[in-house]
Every structure is written in C-alpha cells, then in structure tokens.
1. Dipole of chain B, Cα-centred, from +1 at each Lys and Arg C-beta and -1 at each Asp and Glu C-beta, to the nearest 20 debye?
2. With +1 on each Lys and Arg Cβ and -1 on each Asp and Glu Cβ, how big is the dipole of region C:58-173 about its Cα centre, in debye rounded to the nearest 20?
3. Nearest 10 degrees, 0 to 90: what angle lies between the long axis of helix C:240-253 and the longest principal axis of chain C (Cα atoms)?
4. Calculated from DSSP H runs of 4 or more alone, at -39500 (n - 2.57) each and per residue, what is the 222 nm mean residue ellipticity of chain A, nearest 500?
5. For region B:147-255, what proportion of DSSP beta bridges, expressed in % and rounded to the nearest 5, is antiparallel?
6. Tell me, what is a quarter of the convex hull surface for the C-alpha atoms of chain B, in nm² with one decimal?
7. Using only helices, what value at 222 nm comes out for chain B when you add -39,500 (n - 2.57) per DSSP H run of length 4 or more and divide by the total residues, to the nearest 500 deg cm²/dmol?
8. Cα centroids of region B:366-397 and region A:92-106: how far apart, whole angstrom?
Amino acid sequence: MNTPKPATELDVAFTVNGERVERRVPVRQNLADFLRDTLGLTGTHVGCEHGVCGACTLRCNGVIVRACLMLAVQADGADIVTIEGAATGNYDGAIVADLQREFHQRNALQCGFCTPAMLLTAAELVAARPQASREEIRAHLSGNYCRCTGYQSIVDAVESVCRSRSGT
Amino acid sequence: MSAPDRSGNTTIGAALPRTNALRLLSGRGQYVDDLNPPRCLHAAVLRSPYAHARIASLDVAAAAIAPGVVRVLTGRDVAAMCDPYVGVLKHVPGMQSAAQLPLAVDRACWQGEPVALVAATTRAEAEDALALIEIEWEELPVVTDAETALHPDTPVIHPELGGNLCFERVVTEGDVAAAFAQAAHVVEAEFITSRHTAATLEPRTILADFNAADGQLTVWHSTQVPYMMQWIIARHFRLAETQVRVIAPDVGGGFGMKIHIYGDEMAAVAASLLLGRPVKFVADRLESFVGDFHARGHRVRARMALSKDGDILGVEADDLYGIGPYSGYPRGSANEGLQVSNLVCAAYRRGAYRAVSRAVFQNKAMYGQYRAVGHPVACLVSEGLMDLAAAKLGIDPAEFRRRHYLSPESYPLKLAGGPVLEKLSQHEALETLLQMMDYAGLRTEQKKLRTQGIHRGIGLASFVENSNPSAATYGQGGVSIASQDSCTLKLTATGGVVAASSITECGQGGYAVIQQVVAAVCGVPFAQVKVVIGDTETTPVGGGVWGSRGTGICGEAALQAGKALKANILAFVARLQESEASLYDIRDGQVIRAQSGEEVMTLEAVARTAYFRTDQVPKDFQPELTVTRSYAQKTYNGAYTNGIQASYVEVDTETGFIKLLGHWVVDDCGTVINPLLVDEQIRGACVQGIGAALFEQCVYSPEGQLMNGSLMDYLVPMAGEMPDIEVGHTCTPTATSELGAKGAGEAGTAGASAAVLNATNDALGPFGGVVSEIPVTPERILRALGRLS
Amino acid sequence: MKAPAFSYLRPENISQAIDFIDIYGDEARWLAGGQSLLAALNMRLAAPSVLIDINGLSELAGISVNAGKLIIGALTRHREIEHSPLVAQHASLLALAMPHVAHAAVRNRGTFGGSIAFADPAAELPACCIALDAEFVIVGRGGERRVRARHFFTGLYETALQTGEILVAAEIPCARDKGRAAFRELARRHGDYAIAGLAVQAAVEGDVLRDVNIAFFGVDSKPVLAEHAASVLEQGAATPARIEQAQHQLAQDLAPQDDVHYSGAMRMQLARVLLARAIGDLVNLETKSAAR
C-alpha cells in the first residue's frame, strides 16, 4: 500500500483575480487568512470564523463560498475572485461594478466591513435571477450580517441593479 | 442665531454619496487587522472559564517555550507597569467601584476576564500556547441575579466596597404618594430588557508598536475615541502624552462599545512596551461575546396614576440593573440608569414623578454604554405605560399621546433630574407619522383582519433623546474626555481645503459631515475638500463620536472654522484689492464680488499669492490661511431632541412568531447635513432596536456562564426578517449652535423596541395577554396567550 | 480563533480513502464540504490529528436515477440538489427543503453526505431522508452495506457509520404518481437551524393519505419518525378532526426536552401546529381552525 505521509504544509497553485499564485501553505490555514496575511488581499474580511456573519464571502470556481470554512490548500487549482478583482473579473465584473455604483449612490454601507462580501453575494443573485423580488433579495442576503445599515439601502441598491438588468 | 451663511452653496442638506465610501466598496479600506508591520507579533488571551474564581496557581513555563512564542504576560507582569483604574463618575453621589487591572492577578470576576496574554509569531501559535498555560482555579461563590445582589445573605464581590451596590439615584418631583392616592386608575407593569451586546462586525482590534529608540508608542486602534485612548494609555503606562500616538483607521462599527477600556487591549500595549516591537490583538468572535461590554439588562417596575378624565397624575419607576463586577472605565456604568431615571415619560406632562435607579455588581461580563444608552429602556417603560393607560381608558393610543405631550409653550423645560428640553416637536412628529403610515387605514385593516383570524398590531413609541452632550456627562465627573471639538482648515496651494477634524468615523459619515459643512461655508467645491480624521498627531483635540455628538459638535467646529477661513481669505483679497471684505464672497472656488457675482480671483490665485508671491503681499499684512476653531455645547446638559416610531406586526397566535410588516420613524435632528446618511443611520439604529425587541439576549446560567456566546446562538437581525423602514423628519434646529444640528444616530434604537413591543401587545389585545419583557420570543408570546402549560 | 494543528491527506479514489481511514481511525475526520467541521475546528471544538479531504473524489458526486431509485452521491453539493430537475421530479421533498438549509454561500460548498453524516438533530436533510425512506450506501474495508435512514441516526451527532467507513450515497425510491411531499419548519431567522420542523412524504388522493412518513427534526437528539401520528392519518380522510387526533398522537411520538433556547412544551406546541399545516399543504385544507 502506497501511503503518502500526511502533510502539515503543502504547495498550492491557483489563480486569484486572474493572477497565478504559487505558495507553500500550512494546511491548517483557512483561505481567508491566506488571502489576507500572505497575499495582502485584505478586502476579504474576517468577522466570525464560524461561517455565520458572511464577511469573508468570496467567489471560488464561479460560486460564492465562505473563505473561513475552506482551507487554503483546498483552493489548489481553483479560480478565486475577491473584491479586489471582482469588478474587473471575467465572470460578472460589470454586475459588481454596477452594484458598487448603486451602493455608493444610495449609501448602502456605513462602516464598510460587510460590504465586499455583500457585493459578491448580491452579484450571484443578480447574475442568476435578476427578476428576483425584494423578498427574494432579502432572503438571498440573509447570510450576510450588517450591523450598521437597516439593510434597506442594500436591498434598494440590489433591486435597482436587478431591475436594470432584467429590463423590468 | 441666524442660519449659517451658505453663500449660495447647497452642500449642507444635500444627499451626496460619501467620498470615503469608495475605497470601502473596492475592498481597499484599511481596518486595523489589515495592517501587518514587519516583526509584528500576534496576541492571544487566556480567559477565565469561571464567573468567579481565585487563581490558586499559574505556570506559564511550558507556554513560554512553545513554538513561535516570544513572550507570555501574566497579571502580575502587567500590574508592574500599569496603574490600576476605577470607573466612577464623581458627580454621581455615592458611586463606587473597585480597582481593576488589565489582566486578573489573584482572582477573576467574570467568565471571560483576561488572565494571561501570549505574544507569538502567528495567532495560531499563540492560541496553541494558551493550552499549555497551567492554571489552577478555586471557584468562588457567584453573584449573577441582580434581583438578589443586595440581599444580606448574598456574597459581596468586592468586600472593600461593603456591598454589591454601585450607586443608587432617586429623582423626585411633586407628591407621588398623593398622586396615586387620589388616582381613579392605576396601570402598572414590570418591564424587563435583556442584556445584549453590540456585536460590531469588525471585532475590537489593536496594534501597538513601541519604538524604544525614541520612546514613541504608536497605537492603531479600532476605536471611536483616539484622544481618550491617548490620555488613558499615557496616564496608566506612565508615559507623556507626547509619547503616545493613537490612530483610528477605518473602524468596522462602534455603537458605543469601542469607547471603553479593555484589559486585553491594554495587555497588548503592555506587551509592545516590553518587547519594543509591534503586537496585534484581534478579539475573535467568541471572546468578543464575553469580552466586549454588554448593555441594558434592566428590570423596571413602573406605574402610572390617572385621573377619572385620563390626566396623568403621577409616574413611578423602580429600575434595577446589573453591571458586571466593575463599573466600566473610564466612563462608568451609570449612564443607563441615569437616563432611565431622567426620562421615564419625559415626553409627556407626567405629573408627580419618582424614579429610582440602582446599579449592582454581579459576576457577568463588563457593562456600559451602547447605542442610545438607557433611552430604549426609558422608552419601553414610558410607552408601555402609555398604552396600558390608553387601553384602560378606552382611548386610541395616538389620541392619548396627543393629549399628554408637553405643550409647545412649555419650552425650555427643566426635567427633574437635570435635563433641559430646549424645544421638542412632538405634536408635529405624531401627525407626520400618522399620515406617513396611514394610521386610520391600518386600524381599519387590523379590525377587518381580526375577523378572519389574522392578528395584527400597531405600536407607537415617542422618544426624547439626548445629544450634543456638555461636560455634564463626563468632565464634571472627573473623567478626562473632551466635550469640545475642533477643526483646523488650511487652504492648499491649489485652492482646495484640507480639514483636520477631531470627529471620528465608524461609518456614520463623520468625514462627509465635515466635508459638506466646510464646502458650504467656505464656498469651495465639495470635491476639493479633503478631510483628515482619526489621528491624535494630525488632528486637533476632541471627544470623537459617541452620545450623538459628532455632527452637532464637530460639525459646528467645522462651520466656525470655515467662517474664519473665509473671513481671512476675504480680508486678504480686500487688502489686495484695496477694498472692503464685505464686498466679496466665495463661490465654487472663486472669490467674487458679492453684488455682481463678477469673478475677482480664484482661490488658487489667493493661495499662490499668499504662499509663493509674498512679495506681492503688503508688508504690514499677514494672510492667515490656516485656522482652527473649537466648539463645546455649554448651554444645556445636552441638546435634547425627540421623535416617534411606529411598528406594524402580525402575530401568529399558534406559533408565537412575529412578522414585521412595516416600521415608520419621524425624527427631529435639527439641521440635516445629508439625508442619505441620516435616513439609513436611523434605519440601522431601528434594526438594532428591533433586534433587541425580537432576538438579542445574552443568556446566562445561574453559575454566570454565557450560554449563547456565538453568532450561531446569539441572534442578530439579518436582512430576511427586517421590514422596510420609512423615515420622515421634523426640523427644529438647536439654538445652541449656528449649525443647528442635533443627534440622529441613536434615535432609531431609542424607540424601536418599544414600538415593536407595543405593536405585539396590540395584536394580542383580543386575547388579554400582555408581554412586558424583551426580546418578545415566540415562547413568551405563547405563554402570554396561555398556550403553553 | 484559529484551527489547531492537524495534518492533511487527499486520497485519489475511494479505495485509497479507505486505506487512509484504516490507518488513522478515530484520529482522522473526513473533510467533505467542511461547513460544520471547519467551523468546529476554528472554534477548537474538535481536534482531529488528520483530515482526509474527499473533495477530489468525483465518483462520490452527482445525481442519477437507476432502477426506480434516485441516487445522490455523498459529495453532491446542496446547490446542485436545490436546482436538480431529477430531484424535483423524483424527490420533491428535498427540493422543498433545500432553500431552508443555511444560506446560498453555504449551500454552494456544503455536501449532502456531510449533512447526513454530521447528523445535527435540527438539520433538514436527515429528516427528509427518513421521510423518503432512503437507504444510505456505506463503504468500508469489509465492502459495501446499506442502512435505512430511519435506522441510521442513532443519537446526538451519532450515526450507524463505523470508524473506517465512508458514506458514499443515498438511494431514494422515486416518488410514484400519487406521491406528494410537504416540508415546514420554524426558524427564528431565514437559514437558521429550526426550532422545530417536519418532512412529510405520502401518497395523496383527494383528502386521503396513504403510506404516510412524517419525520420531525429539532425536537429531539435525532430526527424522529412520528409513527403514531402517521397511522392515525392513514385511517381515513384528512378531516380537521382526524388531523387533530394526529396532533394528539404526537405525544406518543415526541418528547422534546427543555434546553437553553426553548422549553420542550414550546417545541411540542410548534410540532403540533406544523403537523396540521403540513397535512394541510398536502390536501390543500384550510386547517387553521383545527390547530391547537
């Protein structure tokens, strides 16, 4: 039986915002900490580290995930998009840019700590279901904690981008 | 005073998007944890697992040699370099507390009290080493229930204080006994508010970097109050204030929780002082729940005496609350009780009045100021009593309030307890609200749906709110917290203005307020005003943001600075033109003739002349294009303001679940600088109040263990359950300043809980059940309905 | 709040995965979607010495139909189940339940098998599998075995899985013509674990129910099959009176205990209400008046 020795560090290679990244990573480090501490991509925020607050949400292989609930070594071979690259990225950069503009115009952020993840979460909905109702928007955003706004301006901003993209 | 001179500019009152939001939207904000200077160490903190226990032995030898560990600090290590602190306000008679140190030395008094700090090369290694600290605990009897904290057979937490009482305050006016003796009706209830916590999304974070070579300590801190922190750190670590620089970069929410002294943060500073290198401490989410200051947690027994005709003859309230084992430092843990005893039924002609507030020590987490300090409790009690009284008398709750508001002629009105109400707009606020929500229409709908078994309720809550506090809040109590603020303006060489303000920013819009006020007053284009905030080295002295003071006080300082800079510019131009300053004005970055609008010279030309072509400046004239102005509100204890909220809910009487259908607010914050900022801040504050009403509660075991200290179990309000919130305004500028702005940031929290509770009870009306405890959980509703045995 | 040290293995196929678990036994944990395990590690509530990451085992992922059975691989993400036409057609109960499982970002990564093997008593999918009478396919050194969902969940976070075994799939009998599903839960907030909830699968003709499976979750240390209530409902038309009788029978099926969040009485009340409403969903009855 050919058994590899269990690793405490591993070499990984993946793309982040279109750039190739190759690093040796401690296996216990989660993806959020790796992006922040090793790559200096501090737009991904850490709010709870148990998957509830949503502040570390980013896009992995085209879908949003919690970066605190994924090991950095699990990103091996993946295509990661963080807020720093989301507005210019291949997937739906224009959606993120639209959302950023609407968030700004409507003051849909205060302290800004939830904002990058809120934008990426909203972008997934806008891309998949631009016809979403206000209630569906609220449901989709319900895994992202914002302590500052009343959520309303965020919902307004997302709704506005949805409407402009669904042509309704 | 006259309205501010805006020179035809419109940035005051304009819904302008915030300049400093752009980098936050791009992921380019800079919060303290985003900083990683070279050789930075990461701290993890060992905390007491017990609510009250003696440290029998402590051995850090194994931890000290663990991989990556550079230093382990114990309570004794920190005690040797940090003077202890006591959180009392000297102007609160009888207030007492015990001396406290950053890390427990012999004894821990709450579950989560910091005991030791490990500094290591990574946070993970620091946490690994915590497990190697050998500590032997001897459990001590705990005091958790505030209700029995003062009983003679309850253990005393600090024997040197002679008891568990922090302070007691009694506010009286008129003959309350007589009022109740002659009452035709008395309504009463016991109102209970849960303990809750601010749960900022960015946890508390500090990065201290002591450079032993020059003796300079730089502290990047997620704080609302850089100057307070500078004073505290210098004072307690025996440094000169000139050795300490505190920088508050982007701050991920504060809500009053980031204005207190925390032992873990002080210990991180101590570690940097000892090691001469950067040390970072980030409170993780679990330690935030037991480490952050909590708030509320009141039990108020209250009653109201009414005449046969429905006049309020008197109000009585007895408030008891537990504040943890020490009064918080440096602000004390008194303010919630002070505001409760000031403000019960303060919106109304309340007749004879007696309120008692008592704060007691207990072995739970530290406790102190959190958004709307005391106001939500006073409002819950006041508005609960008003609804009980209206129901008893068979009068519509809106009409009952209308009848009892303070009359418009009565202002300024001094309340028993001290606050002076400058001028409120309650009648106007009520009528505006009723129209916004279509009160009559909702009442009709409610009645119709009841016949179909659908139970909806409408709740109203008027509130009176302190803002722009004077030195009466802290300075008079011997606490070194600035009640004045300042703004320094300089004209740049290209005709822009840089404003350094003592306002700070946790997202409320402090930057935008200064930018808009300065642009309006100086006549400079909005985009050419840059604001510098959050750094004791680059901004003038001031109190920062708390207590709904940022816009009202810092904004006024900016206004006065803007006027002064403009006056200096015009004096200079007049001298250059050999004319009178009064003939000129500034608009869109141009000095113009006030009468004709004819352009005289650009601000860039003014600056170039003053800075580079001093040969063209008359020998006997020195243009002053850098000015500083300061402001403190000294007329009243605070610029009290008011507003009203309404909630519309549906109660599922089988499950006890509440659905929020609508929420309305009318707030009076005087002059509005930017409606975008005000309205969403009010909504966010409402959501915090709704959270308190429906979800938030620190659940403690009798042993003093927090049972729900994670974001899984402590329920914060999320988008899915929140209603749309419509915001309206009445506008009564305060005459204490030229700007006329009053607080807006706490108004939503002050009234939302009461509106939701009243709406719930309105829905339960046909069943006869009343709930007077928040959060109004499904279980409490089912119990009120008698559906659970 | 950083995960404690562990080492990490990434098997290339199921056989190698079994080899690994044979070596490390109880010291190892399977890492599937990680949506519960990694949170527990970050909070240092678990400290396995080895994580065996099965995310690369593509043979464990996917949804198919074979011989009247819907087969869901253990590594299938929640998101895929939520949007699967096969699931909607053959096990609509799962499609009804899926939007209630946490939030979109968690469903994108979380796996079906992970949720089943973790066996949270308040989780939706274990109860759905019981109501659907699913069988779980389990592989170990000794080969393959099958365990009916109703026998799989043995206690609080405990299942019939033995050390050295891996859950590879669930096999769900495809719903027949009359097969209908109802799903309801009561959670304080969208995406939270429910205070109480139930999954119902039955054959429905008019207001007559047959082959009724009712599985509750959130009311005990494991999901509970409410057999007494189900047998009442199988005795005739689902009239308000019969539904009320079934509600009474829940006292035989459920015994929720008090915990830090809610009393047992509260959960029992909610269970009764949910039962009536779910049966109402099945037969489109207005049942509010029947509920207590």
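1. Taking the Cα centre of chain B as origin, the dipole is about 920 debye.
2. 80
3. Tilt of helix C:240-253: around 40 degrees.
4. -9500 deg cm²/dmol
5. Around 60 percent antiparallel, to the nearest 5.
6. The directionally averaged projection comes out at 36.3 nm².
7. Mean residue ellipticity at 222 nm (helix-derived): -8000 deg cm²/dmol.
8. 41
The values are calculated or read from the model by the stated rules, or taken from the named source; none is laboratory data. Since the model is a prediction, treat every value here as computed from it, not as a measurement. Ideal geometry is used to build each Cβ from the backbone, glycine not excepted, and the neighbour counts take in all protein chains shown. Please note that ligands, DNA and RNA were not included when accessible areas were found on the heavy atoms of the full protein model with its side chains. Shrake-Rupley method; radii C 1.70, N 1.55, O 1.52, S 1.80 Å.
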